[in-house]
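The values are calculated or read from the model by the stated rules, or taken from the named source; none is laboratory data. A quick note: this is a predicted structure, and the numbers were derived from the prediction, not measured. When we count neighbours, we look across all protein chains shown, and the Cβ atoms used for this are built from the backbone with ideal geometry, even at glycine.
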Ligand SMILES: Nc1ncnc2c1ncn2[C@@H]1O[C@H](COP(=O)(O)OP(=O)(O)OP(=O)(O)O)[C@@H](O)[C@H]1O
């Protein structure tokens, strides 16, 4: 852009700006702004009811925003002339005519969207469903239906892929496959935006995260930076039959001791060697002494605490 008025648009970049959706009594999405970059997997996270699906549906022009905009490569989805060639979406486990085979399901979509028929077989191959191409949809497992949904999204060879809870119903092997598949799409320069509740999986999969709660942005950025931004760093996890004596002994080290309801003590402000030394000096028996680094799950729970998703 040379007019100096509009910011430049990056091909495949998703820009959500001031996006708002008001239902009768509920602001499902509230002045939400974030960007999603090409060449990266971005995890879209939030508690139940945070507004993730509503946001994705507004991006795909399935829900009309009350205010704000959502664009892909600078264009609203509704303005894309050939949307399937730009944006692939998997919003829920694929539904298809029960008696139709996987390959025929995809051929029907190709025909409707003006895409070459051979894309159906290519997309099935891409998601590892080629052996089940001629089986009827009603015999597909949930994992196979998820893969078929992804195959459908890939028919137009889109630059941008948007997935809502794609790992739902997948077994561990399926989840691992999905991780490799989405990472390889991002490494080809595509934009991958994926919502999920599986935080440990997101830590393995995502380069960036966008965390929302009660319709609002809580944090966005590279996963490492979001985790590193937490005030509280590593904690020491201790199991001991003498919790009281250890807590008293640690008070002189200005450590903070919390009792985890599941049993161990969680100690912050000191490192594990210090806890070991203090315990030894106080004659306290230890059954476990571990350094616990912050992970995405802990950061997510701290950032969204008190912002209950169910509204
Ligand atoms: N059509 C609708 N009419 C009224 N309220 C709605 C409608 N669609 C969604 N909501 C409400 O908007 C809020 C956000 O829902 P949304 O499905 O976007 O959340 P989510 O983050 O995807 O949740 P989950 O993780 O549980 O799928 C919820 O409280 C939901 O009940």
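Against the conditions (1) loosely packed, with under 12 Cβ neighbours inside 10 Å; (2) closer than 30 Å to residue 26 by Cβ, where does residue 300 fall short? Just the number, please.
(1)
Among the residues of segment 208-223, is there at least one that is in a loop (DSSP other than H, G, I, E, B) and free of Cβ contacts under 8 Å to residues at least 12 places away in the same chain?
No: segment 208-223 contains no residue that is in a loop (DSSP other than H, G, I, E, B) and free of Cβ contacts under 8 Å to residues at least 12 places away in the same chain.
Could you tell me how many of the residues in segment 184-225 are in contact with a strand residue (DSSP E or B) (Cβ under 8 Å, 6 or more places away or on another chain), within 16 Å of the ligand (Cβ to nearest atom) and over 30 Å from residue 128 (Cβ atoms)?
9
Take the residues of segment 289-311 that are outside any helix (DSSP H, G or I) and within 15 Å of the ligand (Cβ to nearest atom): which is modelled with the highest pLDDT?
Restricting to residues being outside any helix (DSSP H, G or I) and within 15 Å of the ligand (Cβ to nearest atom), the top hit is 307.
Give segment 61-79 a look and list any residue that's within 13 Å of the ligand (Cβ to nearest atom) and in contact (Cβ under 8 Å) with a residue 60 or more places away in the chain, or say none.
Those that are within 13 Å of the ligand (Cβ to nearest atom) and in contact (Cβ under 8 Å) with a residue 60 or more places away in the chain: none in segment 61-79.
Go through segment 151-183 residue by residue and tally those that are within 22 Å of residue 13 (Cβ to Cβ), within 16 Å of the chain's Cα centre (by Cα) and either away from the ligand (no atom under 16 Å from the Cβ) or crowded, with 23+ Cβ neighbours inside 10 Å (or both).
Number satisfying all stated conditions: 8.
If the requirement is being assigned by TED's automatic domain parsing to the domain that holds residue 191 and over 30 Å from residue 21 (Cβ atoms), which of these qualifies: 260, 224?
224
If you take the residues in segment 19-32 that are over 18 Å from residue 60 (Cβ atoms) and part of a strand (DSSP E or B), which one is farthest from the ligand (Cβ to nearest atom)?
31
From the list 68, 139, 114, 102, which one is at pLDDT below 95 and at positive phi?
114
Can you tell me how many residues within segment 72-104 are in contact with a strand residue (DSSP E or B) (Cβ under 7 Å, 6 or more places away or on another chain) and in a strand (DSSP E or B)?
Counting residues in segment 72-104 that are in contact with a strand residue (DSSP E or B) (Cβ under 7 Å, 6 or more places away or on another chain) and in a strand (DSSP E or B) gives 6.
Tally time: how many residues in segment 39-55 are surrounded by fewer than 22 Cβ atoms within 10 Å (Cβ to Cβ) and either away from the ligand (no atom under 12 Å from the Cβ) or in a helix (DSSP H, G or I) (or both)?
Residues that pass the stated criteria total 4.
Could you tell me whether segment 250-263 includes any residue that is touching a helix residue (DSSP H, G or I) at 6+ places or on another chain (Cβ under 7 Å), farther than 30 Å from residue 187 by Cα and surrounded by 17 or more Cβ atoms within 10 Å (Cβ to Cβ)?
Yes, segment 250-263 has at least one match.
Please verify whether segment 197-206 includes one or more residues that are assigned to a loop (DSSP other than H, G, I, E, B), modelled with pLDDT under 90 and in the same structural domain as residue 68 (by TED's automatic domain parsing).
Taking every residue of segment 197-206 in turn, at least one turns out to be assigned to a loop (DSSP other than H, G, I, E, B), modelled with pLDDT under 90 and in the same structural domain as residue 68 (by TED's automatic domain parsing).
Checking the condition over 19 Å from residue 183 (Cα atoms), surrounded by fewer than 19 Cβ atoms within 10 Å (Cβ to Cβ) and either in contact with a helix residue (DSSP H, G or I) (Cβ under 7 Å, 6 or more places away or on another chain) or outside the structural domain of residue 183 (by TED's automatic domain parsing) (or both), which residue from 134, 138 passes?
Criteria check complete, one pass: 134.
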